[in-house]
1. Tabulate in residue order the Karplus-calculated ³J(HN,Hα) for the stretch 242-249, using 6.51 cos²θ - 1.76 cosθ + 1.60 with θ = phi - 60°, rounded to whole Hz; enter x for Gly and Pro.
2. Among S132, S238, S121, which one shows the biggest mean-square fluctuation in a GNM of the chain, springs joining Cα atoms closer than 10 Å?
3. Based on DSSP H runs of at least 4 residues, each adding -39500 (n - 2.57), what is the mean residue ellipticity at 222 nm of the chain after dividing by all its residues, to the nearest 500 deg cm²/dmol?
4. Using 19 Å as the cut-off for backbone N distance, which residues of the stretch 281-316 belong to the label zone defined by a point 7 Å from the Cα of A206 along Cα→Cβ?
5. What does the extension gain come out to for A109 and H306, with contour length at 0.36 nm per residue minus their alpha carbon separation?
6. Between A193 and residues 5 or more places away or on another chain, which pairs have amide H atoms under 5 Å apart, with H built 1.01 Å from N, and which residues are they?
7. Just for the chain, what percent of DSSP beta bridges are antiparallel, to the closest 5?
8. Identify which of L273, L142, L284 has the largest mean-square fluctuation in a Gaussian network model of the chain, with springs joining Cα atoms closer than 10 Å.
Amino acid sequence: MMLAGEGYMGRILDISMGYDCNAWCDYCTITPLMRGRELSTEAIKAELRLGQSASAGGRPYTQVRFGGGEPTIRADLPTLIREARLLGYREIEVQSNGLRYANADYVSALEKAGVTSFAISVMSHLPELYESITGVPRSRDLVLAGIAHILRLGTTAPRARAPHLTADVIMKRDTYRHLPALVEFYVARGVKAFVLWLVSLSDRNAAFPDSLVPVREMRPSIETACRIGRERGASVRSRHIPRCMLPSLGEEHFELTLFEAVTVVTPEERFELRDSLISANRYLPVCERCRARARCAGVRADYLDHVGASEVVPLP
């Protein structure tokens with residue numbers, strides 16, 4: 001991420017390899033029809049090469065993210081990670097539901113291929129709720145096993161730097177109240193970085209607008225989770241909530257997405273993440289009076305459409 005005044009930090013190539021998955025999460029935006037779409041191995045290799053060429057436009061990409069759908073169900077993932085490493089990508093991240101990480105040999109294979117960061121979508125600390133959301137038996141325990149295997153790389157990996165681990169926490173109607181307990185639970189198991197995501201109302205999940213909860217309702221849980229993180233030495237950051245909706249929190253609790261340069265490649269198209277419907281990129285006239293305006297990405301369109309703009313109050 002690039003912060004204002006800190007200079008160029010690199011461009012990110014975000015590749016959605018395909019939409020199929022080994023879970024059926026109830027908040028997922030991917031429709032059954034979309035699950036059959038994917039990029040071929042050669043198409044992904046071509047995108048990786050393009051990202052390192054002069055024809056990419058501007059500077060080459062320094063980071064690549066492999067996502068989906070679920071990237072770990074593809075047999076070619078280790079091959080593509082090695083390709084990215086050989087091409088010169090400095091940071092290589094896999095965004096996953098973490099279920100396959102219960103296999104220690106698989107985690108080791110990804111690390112040896114060149115992964116520098118694992119991002120796992122974490123649903124809950126409660127096993128019943130976790131299973132209800134994902135539709136996968138014992139899903140919480142599988143993810144816990146995977147987290148342990150990833151953290152073990154920090155003690156066994158021969159490389160100078162062990163892969164980074166981030167827990168991406170999905171905040172929705174049935175999970176947000178448990179957020180403080182979730183952070184406490186996973187910090188106790190070694191997780192030191194959490195990113196809070198508002199559930200999206202795009203595609204399949206557009207049929208479930210009540211899953212997106214107003215920030216004013218979630219605020220006590222978010223504030224408590226951030227306090228627990230500070231006390232336990234963990235980073236807890238919100239991704240799509242502007243600072244004016246959580247005025248008691250310092251800037252360290254927000255992902256400054258305004259300064260990201262991310263190109264997304266999907267089976268259908270490529271686009272800049274900042275300009276997309278799934279990003280926080282809408283401003284209101286009152287935003288011009290806010291002291292945080294220069295470093296704020298704005299509000300997501302689906303949030304404004306569903307919840308409204310009453311919470312957007314300029315910081316003095």
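1. x, 4, 5, 8, 10, x, 7, 9
2. For the chain, modelled as a Gaussian network with Cα springs under 10 Å, the answer is S132.
3. -9000 deg cm²/dmol
4. 281-282, 300-308
5. 66.6 nm
6. Those qualifying (amide H under 5 Å, at least 5 residues apart or on another chain) are A167, S235.
7. Antiparallel bridges make up about 15 percent of those DSSP assigns within the chain.
8. Ranking L273, L142, L284 by mean-square fluctuation puts L284 first.
Readers should treat all values here as calculations from the given coordinates under stated rules, not as data from a laboratory. Fair warning: this is a prediction, and the values are worked out from it, not measured in the lab. For neighbour counting, all protein chains shown are included, and Cβ atoms are generated from backbone atoms with ideal geometry for every residue, glycine included.
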